[in-house]
Amino acid sequence: LTVAEACSADELMPLLAGSLRAANLREQDEFIGVSDGAVWIEERFKCLGVTQHVLDVYHAAAYVDTLMEEMAWSVEQRQLERQAWLRGEWDGASWLDTFISAPLERKFSEDAQRALRYLRQRSHLMAYPTYKSRGWPIGSGQIEGVNKSVIGGRMKGSGMHWSRSGASNMAALRAYGSNRTPLIPFDTIRHAAYPIPA
């Protein structure tokens, strides 16, 4: 179900809840959310009933690359390791335990320290081999690809400026043209939403 609207994250919540209801999601269903690890997204996932939060593997691999560069891994080593991550072969916590020691960490630059903090704080969201064995998604590339091709390709042209209503109308038109099923009007989705915490 592809929907599009120009609105704030708070305004989007009832629309998402309604979309989930329209997609026949039930309370007992396993609902998996993939994100870049932002705290505000995790909070909204909880409101929507996400049962498992997965850190997008592409974001994780970018932070791992910062650490590998800091550890002076060769370009070839880094490329092979990134590919292993993107295939979901590494559990994030295991990788950190394997390659990052306390003496090494103390020598890290500020950028590497920041990358390490990001990964450690989200290590519980990076059990990629387990996720893959369960058939769960580990990356948000599909959604980001839709955003780029359906919305961004049309609306981010050189010199373009959009009013909020114009952006919403164009986004809805683009989503309508890309959907395999008819779009459900947002007012219908909003009223179909099951209650969510304020």
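The values are calculated or read from the model by the stated rules, or taken from the named source; none is laboratory data. A quick note: this is a predicted structure, and the numbers were derived from the prediction, not measured. A quick note on method: Cβ atoms are made from the backbone with ideal geometry, for glycine too, and the neighbour counts reach across all protein chains shown. Accessible surface areas use protein heavy atoms only, side chains included; no ligands, DNA or RNA. Shrake-Rupley method; radii C 1.70, N 1.55, O 1.52, S 1.80 Å.
Scanning the range 87-124 for residues that are open to solvent by 70 Å² or more (accessible area, probe 1.4 Å) and in a helix (DSSP H, G or I) gives ASP97, THR98, PRO103, ARG106, GLU110, ASP111, ARG114, ARG117, ARG120, GLN121, HIS124. Of all the residues in the range 125-156, those that are over 14 Å from ALA171 (Cα atoms) and at pLDDT 75 or above number 16. The residues of the range 10-61 that are open to solvent by less than 50 Å² (accessible area, probe 1.4 Å), without any contact (Cβ under 8 Å) to a residue 24 or more places away in the chain and part of a helix (DSSP H, G or I), listed by number, are ILE41, PHE45.
When you look at MET68, is it touching an Asp or Glu at 6+ places or on another chain (Cβ under 8 Å) and open to solvent by less than 40 Å² (accessible area, probe 1.4 Å), yes or no? Yes, satisfied. Checked against (1) modelled with pLDDT of 95 or more; (2) buried (at least 19 other Cβ atoms within 10 Å of the Cβ); (3) within 19 Å of the chain's Cα centre (by Cα), GLN83 meets all criteria but (2).
Within the range 42-72, being modelled with pLDDT of 90 or more, among the acidic types (Asp, Glu) and out of contact with any strand residue (DSSP E or B) (no Cβ under 6 Å at 6 or more places or on another chain) holds for ASP65, GLU69, GLU70. Would the range 70-78 turn up any residue that is farther than 30 Å from LEU116 by Cα and assigned to a loop (DSSP other than H, G, I, E, B)? Checked against the condition, which is being farther than 30 Å from LEU116 by Cα and assigned to a loop (DSSP other than H, G, I, E, B), the range 70-78 yields no hits at all. Selection over the range 125-141 of residues that are out of contact with any Phe, Trp or Tyr (no Cβ under 9 Å at 6 or more places or on another chain) and crowded, with 19+ Cβ neighbours inside 10 Å gives a count of 3.
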